[in-house]
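The values are calculated or read from the model by the stated rules, or taken from the named source; none is laboratory data. Predicted model, so just to flag it, every value in this text is computed and none were measured. Glycine also receives a Cβ, built like all others from the backbone with ideal geometry; neighbour counts cover every protein chain displayed. The protein model used for the area step is the full one, side chains on, heavy atoms only, and it has no ligands, DNA or RNA in it. Shrake-Rupley method; radii C 1.70, N 1.55, O 1.52, S 1.80 Å.
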Amino acid sequence: MFDVWKNVLADIEQSVPHTIYITFFTPTKLISIENQVVKIGTPNVFVVRQLRGKYNKNVIAALQKNGVDFKEVEYIVESSTKIKKKSSGREVLEKDVKTASSVVKSLPSKLPEKHAKILGTGLNPNYTLDSFVVGSNNDLAVSIAKNVIKNPGSKYNPFFLYGGPGLGKTHLVQAIGNEIIKLHPEIKVLYTPTNHFFSEFIELIKKNRGDEFAQKYRKLDVLIIDDFQQIINKDRSQEEFFNIFNDLHQANKQIIVTSDRLPEQIEKLDVRLSSRLTWGSGAIDLQMPTFEDKCAILRSMAEIGGYEIEDEAIAYLAENVKTNIRDLEGQLHRLIAIAELRNKTPLEIINDSSIGEVVVLSRAKGGAIQPRKIVEKVAKAYGLTVEEMTSKSRVSHIKNARQVAMYLLQEEANLSTNKIASEVGVKDHSTVMHGIRKIKKDLKLDFGLREQISSIRGSLYD
């Protein structure tokens, strides 16, 4: 019985954002299925409210998909037999104990027809363009996405989108699929992660039903393949995808592919396939969001979730979370959960130094990066010693590395131009200003530079 819950969770993971799944679903467990009542254990009332109010339809759909016969779902808070007093001295009242042991019932309802159709395509209906925040880090990708939605299979075909983890690739391409279905209900759309494509192919090959696999994909009007970098070391799957790609492209069917790296950087990828993946619009990347972008993203997430959060709290998160949008969202949900549990505002939680637990994020991870570390990481990325990079050399390779260091010292360490000058061994702040301006200008069109800086930035927080 409990293996069923693993399958249910696997399906739910495909239907909600990753941070939502981690925050609200991974702590749950199946207690029992008796008398057509499914009882699901949760860690606290906050999780119960979220599951019941926002994600009940996802639970119902996954249970139905896995053949569970039920009429009712109960979300139950499982509290330990011993209630410990918090270090902050907060008294545990009788009403808290009653609340913690309460059972919240939720009756299943029929999924709306549009959701049922979207789930059949592998798409998550929560991924929409309205909930995707457009900023300087993704405006080109969004512009192309809108063109693909209006004219699938025409100008930008294939559409190859790449970028580091947690920057919104999956959200954007699934939003394209959802919007295409709205505008063109007759179009057949399928979203599939690459590992699912591979697993399905191998399973049908074992059953001597390889033709059935090919026919399924050739009937599509829009094929969305996610995390394409996972195709490495899968020669037969590459060959099959190559043939499907050619057939769909020749028939003017839209192909959308995401990856965490450029095609030529995917190990052992067929050269023919690598070339074809960038036929339509080249490779379009999603960059790390700026501070302003992150503030806008957090505000949008809060509005969608119905959370009230102060501008100061949003600024704090935007300033301190340096990794990616997924982590940004995860830290927002964590902050909100703790605030609701403590009956405080998010800003009060941030400012409350008496709370013993790690409230929002590790200062070591989110705090200011030491300038020396940035200089060392840039030098290493360019195959130089720190002494070489900070020397007076005008050799192009060394000069470029020095300018990248200037850019990152301003972006990640928030140093003044005079301080940056002393860190990289140049005379004055005007040289620094010129170097930073050059890198910002080059980043607009130099995808290789974007990839390089993204990689260095990621290494700063390892």
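Would you mind working out the magnitude of the charge dipole of the range 115-270 relative to its Cα centre, with +1 at each Lys and Arg C-beta and -1 at each Asp and Glu C-beta, to the nearest 20 Debye?
Computed about the Cα centre, the dipole is about 380 debye.
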- prompt: To the nearest 10 square angstrom, what accessible area does residue 438 show with a 1.4 Å probe?
  reply: 70 Å²
- line: Once amide hydrogens are built 1.01 Å from N within the peptide plane, the residues lying 5 or more places from residue 31 or on another chain with amide H under 5 Å from its amide H are 39, 40, 41
task: Would you mind checking the pairs 169/234; 57/188; 6/146; 6/322; 29/268; 65/188 and listing those with alpha carbons more than 31 angstrom apart?
output: 6/146; 6/322; 29/268
field: Dipole magnitude of the chain about its Cα centre (Cβ charges: Lys, Arg +1; Asp, Glu -1), debye to nearest 20
entry: 200 debye
message: What is the sum of charges, Lys and Arg at +1 and Asp and Glu at -1, for the other residues whose Cβ falls under 9 Å from the Cβ of residue 262?
response: -2
message: Can you give me the Kirkwood hydrodynamic radius for the range 194-349, using every pair of distinct Cα atoms, in Å to one decimal?
response: 18.7 Å
- prompt: What is the set of long-range amide H partners of residue 253 at a cut-off below 5 Å, with H atoms built 1.01 Å from backbone N?
  reply: none
field: Solvent-free Debye scattering, log10 I(q)/I(0), computed from the Cα coordinates of the range 137-207 at q = 0.12, 0.13, 0.23, 0.25 Å⁻¹
entry: -0.40, -0.47, -1.08, -1.17
statement: Env charge @ residue 172, Cβ radius under 13 Å, K,R +1 / D,E -1, value -3
message: Considering only protein heavy atoms and a probe of 1.4 Å, how much of the accessible area of the chain is carbon and sulfur, as a whole percent?
response: 49 percent
statement: Short to long, in 5 Å steps from zero, the percent of alpha-carbon pairs of the range 366-453 per bin is 3, 16, 28, 28, 19, 6, 0
query: Which net charge results for the neighbourhood of residue 234, defined as the other residues with beta-carbon distances under 12 angstrom from its beta-carbon, given Lys and Arg at +1 and Asp and Glu at -1?
result: -3
- prompt: Accessible area of residue 196, 1.4 Å probe, to the nearest 10 Å²?
  reply: 80 Å²
statement: Projected onto the charge dipole of the chain (unit charges on the beta-carbon of Lys, Arg, Asp and Glu, signs +1, +1, -1, -1), the Cα from 176, 459, 407 with the largest positive-side position is that of 407
task: Once you have all Cα-Cα distances for the chain, histogram them in 10 Å bins from zero and send the whole-percent values.
output: 4, 17, 24, 25, 18, 9, 3, 0
statement: Quick shape check on the range 175-224: root eigenvalues a ≥ b ≥ c of the Cα gyration tensor, a/c under 1.5 is rounded, otherwise prolate if a/b tops b/c, else oblate, and it reads oblate
